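The structure under discussion appears below in the form of structure tokens.
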């Protein structure tokens, strides 16, 4: 009889402990609930919001979610090295060079330009544009709203008559800036070459 | 009063769990590449150690000992530790998402950090376990772990940019460094006479 009693006590003790533990965790899960991953918001704010889809995701926010779930940080072509460095800084990981599989970072900012004499008004580029920067209707010539164009060149491919060019943005008083001297103020690109091989001091 | 101070110094320096008793080596080697990560894990582990040490002592004193269930020590302590770690993870996810992401897998792995279970078991194995002893051992071992982890991470960051011979690069030099650190901590052995 006393053996049964001892076994009962032991089981009761463990059950009590487990119930207490479950209660605490249940309370904590309710109290410290995380609605959406806050890191996604921060990543989304760093991405350029061109919604160009060159990273393979339908927009910047889906890519931010993908990064939060462990995708590589170097797939954003419009953001370029600058954005990669900022993301690496936020996540505390090593910055990587831009993955050339997704595209090459443009030296200067470009915008799409439609040669209107060649345009046949097929609206295919309008459907391709992720930011609605192309104005036009069927059988009418289209044109690009320069201030809205993000230079993602997604409209170049679908054009059946190849009338869209990517031209460098003309330098105006608003867009001109001083050329930073080499090595000062320019974004440092971390690579194996730049890591000092000898400790100083 | 002085015996509590001695207990604290003893657990932080003399009987440092990582470098003298060789417990908790996995996070010691795993999270010491960057000092920010190391500091984050050090704080999280210290917190978990303190809470779990106290809670497992309470479990022992209030539940297990009165009913003569000492043979359930390990089982119930693991339960208590798992709850504490899970709780810490939830709080951290809410309050510091960046740190939560940086720590990643090492955060739930605090559960399997030998120091945590080691402290809980050593607490109740003393001749006269008391609550204040359990608390101080928990805090002390946590601080000791934090101290060596941050020191080691700082050293590894410096070594990373140093000109290390090719054969020693990476984990090899980290092991050598850990060994030398351990050797130097042996020097604390004569600090406190018990």
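Restricting attention to region A:39-73, the residues that are over 22 Å from residue A:134 (Cβ atoms), in contact with a helix residue (DSSP H, G or I) (Cβ under 6 Å, 6 or more places away or on another chain) and surrounded by fewer than 16 Cβ atoms within 10 Å (Cβ to Cβ) add up to 0.
Quick check, is residue B:72 farther than 30 Å from residue A:93 by Cα, facing chain A (nearest Cβ under 9 Å) and either touching a helix residue (DSSP H, G or I) at 6+ places or on another chain (Cβ under 6 Å) or crowded, with 18+ Cβ neighbours inside 10 Å (or both)?
Judged against the criteria, residue B:72 is a match.
Does residue A:138 qualify as being out of contact with any strand residue (DSSP E or B) (no Cβ under 9 Å at 6 or more places or on another chain) and free of Cβ contacts under 8 Å to residues at least 24 places away in the same chain? The answer is yes for residue A:138.
Does any residue of region A:46-53 turn out to be within 8 Å of chain B (Cβ to nearest Cβ) and assigned to a helix (DSSP H, G or I)?
Going residue by residue through region A:46-53, those that are within 8 Å of chain B (Cβ to nearest Cβ) are none.
For region A:46-53, residues within 8 Å of chain B (Cβ to nearest Cβ) and assigned to a helix (DSSP H, G or I): absent.
Taken together, A:161, A:144 contain a single residue that is at pLDDT 85 or above, more than 20 Å from residue A:81 (Cα to Cα) and either exposed (fewer than 15 other Cβ atoms within 10 Å of the Cβ) or out of contact with any strand residue (DSSP E or B) (no Cβ under 8 Å at 6 or more places or on another chain) (or both), which is A:161.
Restricting region A:95-116 to residues that are without any contact (Cβ under 8 Å) to a residue 24 or more places away in the chain and either touching a helix residue (DSSP H, G or I) at 6+ places or on another chain (Cβ under 6 Å) or farther than 22 Å from residue A:172 by Cα (or both), the residue that is surrounded by the fewest Cβ atoms within 10 Å (Cβ to Cβ) is A:101. Residues in region B:20-52 that are assigned to a loop (DSSP other than H, G, I, E, B) and either farther than 21 Å from residue B:135 by Cα or within 14 Å of chain A (Cβ to nearest Cβ) (or both): B:22, B:31, B:32, B:33, B:34.
Mind telling me which of the residues B:180, B:103 ends up being part of a helix (DSSP H, G or I) and crowded, with 16+ Cβ neighbours inside 10 Å? Criteria check complete, one pass: B:103.
Do we have any residue at all in region B:121-134 that's within 14 Å of another protein chain (Cβ to nearest Cβ) and surrounded by 18 or more Cβ atoms within 10 Å (Cβ to Cβ)? Spell out the reasoning first.
Here is the first cut: in region B:121-134, the ones within 14 Å of another protein chain (Cβ to nearest Cβ) are none.
No, that holds for no residue.
Residues in region B:53-69 that are assigned to a helix (DSSP H, G or I) and free of Cβ contacts under 8 Å to residues at least 24 places away in the same chain: B:59, B:62, B:63, B:64.
Hey, can you tell me all the residues within region B:106-139 that are farther than 20 Å from residue A:34 by Cβ and in a loop (DSSP other than H, G, I, E, B)? Before you say what the answer is, go through the steps one by one.
Residues of region B:106-139 that are farther than 20 Å from residue A:34 by Cβ, as a first pass: B:109, B:111-139.
Listed by number, the residues that qualify are B:113, B:126, B:127, B:128, B:129, B:130.
Residues in region B:140-175 that are in a helix (DSSP H, G or I) and farther than 28 Å from residue B:119 by Cβ: B:157, B:158, B:159, B:160, B:166, B:167, B:168, B:172, B:173.
The values are calculated or read from the model by the stated rules, or taken from the named source; none is laboratory data. All figures in this text were calculated on a predicted structure; none of them were measured in a lab. Neighbour counts are summed over all protein chains in view; Cβ atoms, including those assigned to glycine, are modelled from backbone coordinates with ideal geometry.
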